[in-house]
Amino acid sequence: MRPKFVLFGDSITQLSFMPGGWGAALTDRYARQADVMLRGYCGYNTRWAVLLLDRIFSSLASQPPLLVTVFFGANDAALPDSCSARQHVPIPEYKHNLQRIISHLKGISVCIHIVLITPPPVDIEGLQIFARQKYGVKAEELPSRTNETTGLYAKACIDVADESGVAVIDLWSIIQSKPGWQKSCLRGAPPCNTDAYSTKQHWRKSNLYQFSAASPNHRVANYS
């Protein structure tokens, strides 16, 4: 049996299997070596994600996945007084939920490679343009998210990874290190979300993309 990679997250994960997406890139990179399973849920935050853990991973208990990515935070960081208030999760609860997800996965198998991915940055101008295009005069002038607030959730994600001894990809910082990131990295609907193409580019910089070569005990074989 081929090892399994499970991509667990919100819409940024759900859309990752679009042509050229980072999920599609992983499938291509590990063709005949691993089965990449998509478990992305548009609009979800960590509060709702923990409710899915048994449903998603109980069927995999007999053959635990080799790798699980946990990519939440973009919706948790929604402002509590905005139109997306129902998605908002306070930072302490966000951290606790990530810890619950990690504990659940480690309870299935201590051999699972767990990789947290921080929420990407937010382009306020692009977010407001999208809102006006979609909702017209009904669009709120105040944004549903801010880059500053999302940065706090990115830091919280990194803190949980460090405390739990798991890997993390600081996508919030990586994207903003690129000149003109608002236009080159954040596209789609809404444009505040990470475009699948840019995620794939930054994925290559992470230890995750090459982890099979760096971990001899968990090297991925070439299955037919």
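Quick notes on this one:
- Averaged over its residues, segment 1-70 has an accessible area of 42 Å² per residue, based on protein heavy atoms and a 1.4 Å probe.
- What the Cβ-Cβ distance of residue 61 and residue 163 gives, at R0 = 30 Å and to the nearest 0.05, is a FRET efficiency of 0.70.
- D by Stokes-Einstein for segment 12-103, Kirkwood Rh over Cα pairs, 20 °C, 1.002 mPa s: 146 µm²/s.
- Estimated from the Cβ-Cβ distance and a Förster radius of 30 angstrom, the FRET efficiency linking residue 35 and residue 100 is about 0.70.
- Residue 2 - accessible surface, heavy atoms, 1.4 Å probe, Å² rounded to 10: 60 Å²
- Along each principal axis, Cα extent of segment 58-106, largest first, Å: 44, 18, 15
- The distance separating the Cα centre of segment 47-101 from that of segment 1-21 comes to 15 Å.
- Values of log10 I(q)/I(0) for segment 78-123 across q = 0.14, 0.26 Å⁻¹ run -0.49, -1.00, by the Debye formula with one identical scatterer at each alpha carbon and no solvent.
- Counting only protein chain heavy atoms and rolling a 1.4 Å probe, the accessible areas of 44, 94 rank, largest first, as 44, 94.
- Under-5 Å amide H pairs with residue 116, H placed in peptide plane, nonlocal only: 70, 167, 168, 169
- Proximity of backbone amide H atoms, modeled 1.01 Å from N, is registered between residue 37 and 5, 6, 7 at under 5 Å, excluding neighbours fewer than 5 places apart on the same chain.
The values are calculated or read from the model by the stated rules, or taken from the named source; none is laboratory data. As the structure is a computational prediction, the values presented were derived from the model and not from experiment. Positions of Cβ are generated from backbone atoms using ideal geometry, with glycine treated the same way; all protein chains shown enter the neighbour counts. Surface accessibility is based on the protein's heavy atoms, side chains included, excluding ligands, DNA and RNA. Shrake-Rupley method; radii C 1.70, N 1.55, O 1.52, S 1.80 Å.
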